[in-house]
Amino acid sequence: MKAISQKSVIFYLFFIGFPLLTSAQEIKADKSIKLAIEQSQQGQLDSSIENCNRALIFYPGSARGYYVRGSAYQLKANYDQAIIDYNKAIELDSVYLDAYFNRGNAYKIKANYDQAIIDYNKVIKMAPTYVDAYNNRGSVYKAIGSYDQAIIDYNKAIQLDPKYAIAYYNRANAYDEKGNNDKAIIDCNKAIELDPKYVNAYVIRAHAYLNKGNYEQAVIDYTNALRIAPLNEYALLNILVPLIRLNRFGEANDYYQKYRTNQVKGFIEGTGWEYYKYYLNAATIYLKDDDYPRALVELETGETAYNINTLKNNINKESKTSYANFLALKGYTLFKLNKLQEALVAYSQALVIKPNQPEVSKAIRNIVEIQDTSVKRTIEPRNNQASSQHSFFDDSNTPPKFFAILIAEENYKDQSIKRLYQPVNDALKLKQVLETYYSFSSSNIDTIFNRRKEDILSAIANRCNTLKETDNLLIFYSGHGTFKKNPRGENRGFLIPSSAENANIFTYINSDDITLALGLGNVKHILIIVDACFGGALFRDLPSDAPRDIKNIYKDPSRRIMSSGNLEPVPDKSVFLYYVIKRLKENKEEYLTGEGLFHSLIKAVQNGSDNVPQYNSIKNSGDEGGDFVFIKNQATNEISNR
């Protein structure tokens, strides 16, 4: 949900504290200023500014004249001119509280938060009981994500004025941002008690109920908000979410039609929200009439739009969170089309973004129960066939086991190393695909996020030490990488763990470190996927040969590395990993070699970025020319092919 901003009270002190004027010019100026105030209150802003101009001609030293004119400019949204006038008012009267306060408000609206805090601090220092200064400073802290500090200021405002409804609302908004739904609801209750027509308080309380999975109560609160303000953009758009969650698609259509008919401009018109309109169309146009195939087409189109915006870094926090609604609806649609495995994936992805979704968790349990029944009915009688498929790779009757180590580094202790924002999310996406579509059980996947060099190498060594000759290991790394030239002019690649010191290669991970860790085990196949800058320089060797017969490929041990680029820098938003996951998900073959995966994505990555992916053998590591083979889940194949 898009955050709602609470406008500041600007003019409530206009009629307070005017000193008596004595000279004729001052008296004329005073009359013009009083008239200007009345005109501002009536919305006659241009006339108000004209009277302030006249007053300043009569008396150029009038701080009040500049203050009132600045306030009129602020109402006209001419914040730069307003600040100029407040500056002049403060220059003439250095203790002009309201001028500092209003200038702080103008800076806040312009997102000059540091200067806004300075002005609010000045007001509070001169007048410690100035309630609105605490409230508005809290709003600045909330805007920059300092929610705890914001709550402290709101607490002070409420302490000074226990009937200050705006402060209760703003504190509820901060609690909502922190995910503390219960406290948000309590504060909204108080705000509504003090002001029963407080539309935004109903909206925030509805959002808190929505986050708790109480969709019925969310609908009630959004409805109450719309009774008071029928075209409130937040209520009109956000009521659609709980209605869709409750499968009340007809009602959702009514509200969405009202939004469009009245040409309301809500947050979905902004950048990064294009996908959301496909979500709304799928629900209000197609699912309303139980047209699941066309709803799925609409959702898949929206998913493409979301992925494109993700690659362009156009997705903000609110849009990403709302994507959980999209995925939940996709899961529902796929379930109705009896595409159970795909529905499970969509539902699971929704829970990764937003864990508290009761109906999604229930749907997943339902699918798992159906799958368990289906597997017992359709797969158990074919155990002999499954065994023969696995013996295709090995002379024993023991099916191969698959293990994975997923390493993601994004929070670097050395602040001179740029923070990344996607590695952990990318690793979790890959984990989901491996568990859902391939022979990787969750217990066999290790996640190593934001760890030291020693932790990463120990995890690799410890895992390799426990594996058998028939086992397979996939290692994924996403994070910073670099390369240095050695005295012979050769490029040497390095991975940069979160504990690294900038420019200190001894704190980096090099190919020898990895080779040593890999050498502690007898694992059959190892595939390393590196999504990092200059990942291709980590291990240098000749490219592998063209794909061979699957049985022969699997027979010989292998140690291979697939990297997102050779010596090119790699962006935080990875086109390479996007296509790795996409190809793994879309693969229809039961067996997919590492090299086959590589060849399926190289052109797409080259077309979508400046990077040239690499696929090479790892020298001096026991590679004998084989290759890693991804094996599709038997249950996945059975269910998806029915």
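The values are calculated or read from the model by the stated rules, or taken from the named source; none is laboratory data. Computed from a prediction, not measured in an experiment: that's the story for all the values here. Cβ: placed from backbone, ideal geometry, glycine included. Neighbour counts: every protein chain shown. These area figures cover heavy atoms from the full protein model, side chains too; ligands, DNA and RNA do not enter into them. Shrake-Rupley method; radii C 1.70, N 1.55, O 1.52, S 1.80 Å.
Data overview
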item: Selected residue [closer than 22 Å to ASN425 by Cα and out of contact with any strand residue (DSSP E or B) (no Cβ under 8 Å at 6 or more places or on another chain)] from GLY270, GLY302; result: GLY302
item: Residues of the stretch 574-616 that turn out to be farther than 27 Å from VAL424 by Cβ and buried (at least 22 other Cβ atoms within 10 Å of the Cβ), as a count; result: 2
item: Test: residue in the stretch 547-556 that is at pLDDT 70 or above, open to solvent by 40 Å² or more (accessible area, probe 1.4 Å), in a loop (DSSP other than H, G, I, E, B) and more than 25 Å from GLY626 (Cα to Cα); result: no
item: Criterion: surrounded by 15 or more Cβ atoms within 10 Å (Cβ to Cβ), part of a helix (DSSP H, G or I), polar (S, T, N, Q) and modelled with pLDDT under 85 - qualifying residue of THR321, THR373, THR333, THR310; result: THR310
item: Failed condition for ALA282, given (1) at pLDDT 95 or above; (2) more than 30 Å from SER574 (Cα to Cα); result: (2)
item: Qualifying residue in the stretch 72-80 (condition: farther than 30 Å from GLU318 by Cα and either among the aromatic types (Phe, Trp, Tyr) or in a helix (DSSP H, G or I) (or both)); result: yes
item: Near pairs, Cβ below 8 angstrom, 6+ apart or cross-chain, from the stretch 415-427 (assigned to a loop (DSSP other than H, G, I, E, B)) to any residue that is of a type in the set (A, V, I, L, M, F, W, C) and open to solvent by less than 90 Å² (accessible area, probe 1.4 Å); result: ILE417/ILE496; ILE417/ALA500
item: Which listed residue is without any contact (Cβ under 8 Å) to a residue 12 or more places away in the chain and surrounded by fewer than 23 Cβ atoms within 10 Å (Cβ to Cβ), from ASN224, ASN180; result: ASN180
item: Inter-residue pairs, beta-carbon under 8 Å, first on the phi > 0 side of the Ramachandran plot and in the stretch 321-343, second at pLDDT below 90, 6+ apart; result: ASN338/ARG642
item: Residues being within 20 Å of SER94 (Cα to Cα) and of a type in the set (A, V, I, L, M) - total across the stretch 45-80; result: 3
item: Given (1) modelled with pLDDT under 85; (2) under 29 Å from the mean Cα position of the chain (by Cα), index of the condition SER617 fails; result: (2)
item: Some residue of the stretch 464-478 being crowded, with 16+ Cβ neighbours inside 10 Å, in a helix (DSSP H, G or I) and modelled with pLDDT under 80; result: yes
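Quick grid of which residues meet (1) in a helix (DSSP H, G or I); (2) in contact with a His (Cβ under 8 Å, 6 or more places away or on another chain); (3) on the phi > 0 side of the Ramachandran plot; (4) not small (Gly, Ala, Ser):
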residue: GLY213; (1), (2), (3), (4): no, no, yes, no
residue: VAL219; (1), (2), (3), (4): yes, no, no, yes
residue: ASN224; (1), (2), (3), (4): yes, no, no, yes
residue: PRO230; (1), (2), (3), (4): no, no, no, yes
residue: LEU243; (1), (2), (3), (4): yes, no, no, yes
residue: ALA252; (1), (2), (3), (4): yes, no, no, no
residue: TYR256; (1), (2), (3), (4): yes, no, no, yes
